[in-house]
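Below is one structure, written out as structure tokens; the observations come after it.
Every number here is computed from the coordinates shown, using simple stated rules; none is lab data. Just so you know, these numbers come straight off a predicted model, no measurement behind them. As a convention, Cβ positions derive from the backbone with ideal geometry for all residues, glycine included, and neighbour counts pool all protein chains shown.
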Amino acid sequence: MTIRIGYFPNNNSLFVLRHNGLLEPHLRDVEWVDLRELPAPPRADPRTGLPTLHSDWLFEEGGYDFIGTGFTPPITGLGQGRDLVYVGISGPRVENGRLVSLANSGIRTVADLPGKRVGIAHGSWQTTLALLALDRAGKRWSDIVPVDIDVNDGGPALVRGDIDAWVGAYPALAEVEATAQVHTLVDTDGLFSHPSLWFVRREFAENHRPELEAIVTALRESDAWIVANPREAARFFVDDAQRRGGTADLDRWEAALRGRPFGIGPVTDEFLDEQQSSADLLHANGLLPRTVDVRAAVLPWIGEVVATGGPVTAA
């Protein structure tokens, strides 16, 4: 059976694993699926719902068997009734980004955001960060005008005045900091741990344990390679941007990778508490169609595999 792995640049670990060849010695029959090349449904209205792309393709023909994302997509999938399970999480990525405004905008705190246009890559960790920040300030999602914008386009939009605030992430945030004065409205640290994470269909986990163990092993090896070779890893992102007609700065990508935690660990009670409280908040603000129990998406044996590691080669 061919195992299909979904990837895109926003999950740095899987993107690098796609390009450095460290999975194939463990998993011979593998196919890589670029999420950006899959048909995309109409964009979700960021005022009333969440995009379901990442979890949908775990269950639809032509998709993939394994995916890595940021904090929000597994909550979205569970909220759509998808039977998925967590595989593992990275360490906290609280230095990866934050909610900012231009220093001369007059927007000084999150309490100033009602009625303002807030740029987010909707459905990602950025949605959760913005919502958590609003909730802490006693505000609701309906108080702002959320603007769904690509992670690389948000900075220029902020500088042009097309949006009033932006949840930015490095390296794109570094480009704005180099050309404009920005004001931090809220840091990620203190709101949530913001890890990378990986998840699969329950059916896949239960019926393809050797293959899942092989992917976990390869991720661990690849993440160690990124830590040892951050500039070489950064080159994969720059080359990809150039192949797609864009530009990217090698130094800024290297700095971004050096500032992120790599390695896959088991899901923890603290992470699950964060997922549950975020899911409850998304539902209370009309973005999630149903309540979910995130602990129902945990298979204990997967946590044991991730915690213990060890070389595994799947047939």
- Relative contact order of segment 1-94, pairs being alpha-carbon contacts under 8 Å that are 6 or more residues apart, as %: 32 percent
- Using θ = phi - 60° and the Karplus form 6.51 cos²θ - 1.76 cosθ + 1.60, what ³J(HN,Hα) does each residue of segment 11-28 get, whole Hz, x for Gly and Pro? 9, 4, 4, 5, 5, 5, 4, 4, 9, 9, x, 7, 7, 4, x, 9, 9, 5
- Task: Just add up the charged neighbours of G155: K/R +1, D/E -1, any other residue whose Cβ is under 14 Å from the Cβ of G155.
- Result: -4
- Query: For segment 191-238, what number results from the quotient of the Cα radius of gyration and 2.2 N^0.38 Å?
  - Reply: 1.49
- Query: Which order do peptides 11-23, 210-222 fall in by mean Cβ count within 10 Å, highest first?
  - Reply: 210-222, 11-23
- Query: Amide H neighbours of V182 under 5 Å, counting only residues 5+ apart in sequence or on other chains, H built in-plane at 1.01 Å?
  - Reply: A103
- Karplus 3J(HN,Hα) series, Hz, for segment 136-141 with 6.51 cos²θ - 1.76 cosθ + 1.60 (x for Gly, Pro): 5, 8, x, 10, 10, 4
- Note on the structure: Check: C-alpha center segment 1-66 vs C-alpha center segment 157-191, spacing in Å is 27 Å
- Item | Extension gain from D273 to E37, taking 0.36 nm per residue of separation minus the Cα-Cα distance | 81.6 nm
- Query: Using Cα pairs under 8 angstrom and six or more residues apart, how large is the relative contact order of the chain, in percent?
  - Reply: 27 percent
- Query: By average Cβ neighbour count within 10 Å, what is the ranking of 129-135, 278-284, 201-207 from highest down?
  - Reply: 129-135, 278-284, 201-207
- Item | Burial order of peptide ranges 244-250, 182-188, 227-233, 117-123 (average beta-carbon count within 10 Å, highest first) | 117-123, 182-188, 227-233, 244-250
- What is the Cα convex hull volume of segment 1-58 when expressed per residue in Å³? 91 Å³
- In Å, the Kirkwood estimate of hydrodynamic radius for segment 62-125 over Cα pairs equals 15.1 Å
- Task: Could you give me the percent of Cα pairs per 10 Å distance bin for the chain, shortest bin first, beginning at zero and ending with the bin that holds the maximum distance?
- Result: 6, 28, 36, 24, 6, 1
- Message: Explain nothing, just compute: Karplus ³J(HN,Hα) = 6.51 cos²θ - 1.76 cosθ + 1.60, θ = phi - 60°, for every residue of segment 209-224 in order, whole Hz, x for Gly and Pro.
- Response: 4, x, 5, 5, 4, 5, 5, 4, 4, 5, 4, 5, 5, 5, 5, 5
